[in-house]
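To start, the structure itself, in structure tokens.
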Amino acid sequence: MSLVQKLATTTIATCAALATAGTLVVAQKNDKGAEPKRPKATLKLNPQVVVAPGRVTLTAELVGGSDDFEEYYCPSIEWAWGDDTSSESTSDCEPYEAGKSQIKRRYTTQHQFRRAGTFKVYFKMKAKDRIVGTAMATLQVQPGLSAGPGDF
């Protein structure tokens, strides 16, 4: 038996054993035969420093990677503001089709920060209840003129 035949036989036997055990994972391929690449999530704040109470615009972007990356197709989005509040949104999407479905690459929202402090703001993408992508940015909120004693 040649080396190629041995390798093919071993691969088939391994796949059969894994399938029997219920753990077979098949890599997803795009329409060009390559595995899709994971885009990188970034988060930008505008402004990065604000006076309380202050409104901030947050923009999360998916940079690089495949346009049809399945884990990022139609996720629910959670914004964790770092001030003990969060918000979540979902979309109604058509079923995913490899090579055809396009991921959304830009998410924008606003949030008002009412008290001074340093806040770590998180953007989270979820597929069902599993976090599949995340980005974080730090915001500095300075005390405003109307700040009370507990706001410093």
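What follows is calculated from the coordinates using simple rules that are stated; it is not laboratory data. All figures in this text were calculated on a predicted structure; none of them were measured in a lab. Here Cβ is always computed from backbone atoms with ideal geometry, including for glycine, and neighbour counts include all displayed protein chains.
Quick one: go through the stretch 99-126 and flag any residue whose amide nitrogen is under 17 Å from the point 7 Å out along the Cα-to-Cβ line of T59.
Output list for this probe position: 104-111, 123.
May I ask you to compute the full-extension gain from V51 to K120, defined as 0.36 nm times their residue separation minus their alpha-carbon distance, rounded to one decimal in nm?
Here the answer is 23.2 nm.
Could you please report the charge total around D84, scoring K, R as +1 and D, E as -1 over all other residues with beta-carbon less than 13 angstrom from its beta-carbon?
For residues surrounding D84, the net value is +2.
So, with +1 on the Cβ of K and R and -1 on the Cβ of D and E, and no other charges, what is the size of the charge dipole of the stretch 57-127 about its Cα centre, to the nearest 20 debye?
Values: 9 positive and 12 negative charges, 91 e Å.
Here the size comes out at about 440 debye.
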